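Following: one structure in structure tokens, then a few remarks.
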Amino acid sequence: MSSNGVVVDEAVRAAWDAYRVLEKRTPAQEREQAQQRVKAAVDSVGREEVSRGTVFLVGVLTEYLIAEPPGGGDQVDPLSDLIPAVIRRLPSFELADPEQVPMATGVLMAAAMGMDTVAWRDRFGKIPPKEAMVHGFVLWLLADLFDSLVEKPGAIDQLMRETFESMSTEDR
């Protein structure tokens, strides 16, 4: 495990791939490729690091939604709009363990307060699989909110994939 909220790039990319596996609009072949990349990352850096990547992305999307409202609309208030909306929708995921919701709420609150979500979450020890799953659902809900605000399905996925693509060309 990295320290000071630093997450391995491969884990962050795998966390986004896990989102793409959940997203129904992801074409079947791309979903399969995303699943393979997630498995490869788990084998390479570990499930824990991929979970930390998801927590990182929850922080990034939360901060983005709060700071720069997608679509140029009204600024999203994290305490009255964003966090309650996400938490209320979590039960729609059958596999979302209600006991993990307080930690997911804490990660959202940390992001809303401008804190490093990974460093904040790291203080509580390893992320158990049931909690990691809830963070994945939160990431999906944030991405869905982004797409809804810009009224363009798949907009955040396109933005994230372009970001990862530009990062991989910079690495060369």
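Would it be correct to say that E30 is acidic (D, E) and within 16 Å of the chain's Cα centre (by Cα)?
Here the answer is no, as E30 does not meet what is asked.
Consider I156 carefully, then state whether it is assigned to a loop (DSSP other than H, G, I, E, B), open to solvent by less than 20 Å² (accessible area, probe 1.4 Å), of a type in the set (A, V, I, L, M, F, W, C) and touching a residue at least 60 places away in the same chain (Cβ under 8 Å).
no
Suppose we filter L145, L141, L149 for residues that are more than 16 Å from the chain's Cα centre (by Cα) and buried (at least 17 other Cβ atoms within 10 Å of the Cβ); which single one remains?
When all the criteria are applied, what remains is L149.
Which count do you get for residues in the stretch 101-114 that are farther than 14 Å from A132 by Cα and open to solvent by 10 Å² or more (accessible area, probe 1.4 Å)?
Qualifying residue count, the stretch 101-114: 4.
The values are calculated or read from the model by the stated rules, or taken from the named source; none is laboratory data. These numbers come from a predicted model, not from an experiment. Positions of Cβ are generated from backbone atoms using ideal geometry, with glycine treated the same way; all protein chains shown enter the neighbour counts. Ligands, DNA and RNA are excluded from the accessible area calculation, which covers all protein heavy atoms including side chains. Shrake-Rupley method; radii C 1.70, N 1.55, O 1.52, S 1.80 Å.
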